[in-house]
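Peer 1: Here it is: the structure, laid out below.
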Amino acid sequence: MIRFQQVSKAYRGGRQALQKVDFHLQPAEMAFLTGHSGAGKSTLLKLICAMERPSDGKVWFNGHDISRIDSKQIPFLRRNIGIIFQDHKLLMDRSIFDNVALPLRVEQATENEIKRRVSAALDKVGLLDKALCLPIQLSGGEQQRVGIARAIVNKPLLLLADEPTGNLDAALSQQIMNLFEEFNRVGVTVLMATHDTSLLNSRDYRRLDLHLGQLRELGHGA
Ligand code: ADP
Ligand code: ADP
């Protein structure tokens, strides 16, 4: 599903964020991107959804070279990708329902379709009864689950999560991990960036570990 070939990224005026990164993620795989703050995790995720472009090397998504993707094609790429941020980026003046409906409205889905799929997504994260609330009425863990519902509402092939548990305690973080495992069990490919490796102790997950922009495989047969 994703292949990086000798991918380097240097920001203008900044230092090298990624250096000759090579890896391959199969469909329906679940893997973790680990490394300290500044190691290049966000940069790597941004290259996959074309929020940044590589300075060198190639990024493949589903057989398409997206390193030099035409900007007109980016919305089509993003339809296949659900993105979850640490700070969840909810619209604070809109209801939970409307926040989750956002990607479907962009796709111009019908109102019936929107009702059905938003309800299904909220049900999956256990927040169906909060549909009409505003984000401020929800706890931090619940707000993060709204972000997850929004990311999965259009049934993406791939879920990218950037430090989704960054602001949560251990029990809530585990709850988020369990949700990702459930999506993965039904075939969604998951790539999650975290600096918190204690989350990964319960299983032999595949780990792509970044150190100063260089990637090495850890765990899972590495
Ligand atoms: P992580 O997600 O692991 O914390 P990042 O990918 O955010 O790492 O950052 C990797 C490196 O690239 C850091 O040195 C960071 O300061 C730098 N960097 C990230 N984004 C930018 C940007 N937009 N402009 C310049 N430098 C950046
Ligand atoms: P900015 O870089 O301006 O802060 P964002 O980080 O919110 O913008 O989003 C960057 C791009 O990613 C936007 O074009 C947005 O449409 C897209 N995007 C945000 N969330 C998702 C999602 N869950 N699924 C697919 N694309 C998304």
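Peer 1: Answer yes if at least one residue in segment 148-167 is away from ligand 2 (no atom under 16 Å from the Cβ), within 14 Å of the chain's Cα centre (by Cα) and modelled with pLDDT of 90 or more, and no otherwise.
Peer 2: Yes.
Peer 1: So which residues in segment 167-191 are open to solvent by less than 20 Å² (accessible area, probe 1.4 Å) and assigned to a helix (DSSP H, G or I), if there are any at all?
Peer 2: SER173, ILE176, MET177, LEU179, PHE180, PHE183 - these are the residues of segment 167-191 that are open to solvent by less than 20 Å² (accessible area, probe 1.4 Å) and assigned to a helix (DSSP H, G or I).
Peer 1: Looking at (1) touching a residue at least 12 places away in the same chain (Cβ under 8 Å); (2) touching a Ser or Thr at 6+ places or on another chain (Cβ under 8 Å), find the lone condition where LEU128 falls short.
Peer 2: Unmet condition: (1).
Peer 1: Are there any pairs with C-beta distances below 8 angstrom linking a residue in segment 71-87 that is farther than 13 Å from VAL106 by Cβ to a residue that is open to solvent by 80 Å² or more (accessible area, probe 1.4 Å), with the two at least 6 apart or on different chains, and if so which?
Peer 2: From segment 71-87, the pairs are LEU77/HIS64; GLN86/ASN167; ASP87/ASN167.
Peer 1: Could you check, for segment 75-96, whether at least one of its residues is among the aliphatic types (A, V, I, L, M), surrounded by 15 or more Cβ atoms within 10 Å (Cβ to Cβ) and in contact with a Lys or Arg (Cβ under 7 Å, 6 or more places away or on another chain)?
Peer 2: Checking segment 75-96: at least one residue is among the aliphatic types (A, V, I, L, M), surrounded by 15 or more Cβ atoms within 10 Å (Cβ to Cβ) and in contact with a Lys or Arg (Cβ under 7 Å, 6 or more places away or on another chain).
Peer 1: Are any residues in segment 68-120 of a type in the set (Lys, Arg) and assigned to a helix (DSSP H, G or I), and if so, which ones?
Peer 2: Once the filter is applied, which keeps residues that are of a type in the set (Lys, Arg) and assigned to a helix (DSSP H, G or I), segment 68-120 yields LYS72, ARG78, ARG105, LYS115, ARG116, ARG117.
Peer 1: Take segment 121-142 and flag every residue that is open to solvent by 50 Å² or more (accessible area, probe 1.4 Å) and not basic (Lys, Arg).
Peer 2: Correct list: ASP123, LEU128, ASP129, LEU132, LEU134, ILE136, GLN137, SER139.
The values are calculated or read from the model by the stated rules, or taken from the named source; none is laboratory data. Not measured: the values here are computed from a predicted model. Cβ: placed from backbone, ideal geometry, glycine included. Neighbour counts: every protein chain shown. Please note that ligands, DNA and RNA were not included when accessible areas were found on the heavy atoms of the full protein model with its side chains. Shrake-Rupley method; radii C 1.70, N 1.55, O 1.52, S 1.80 Å.
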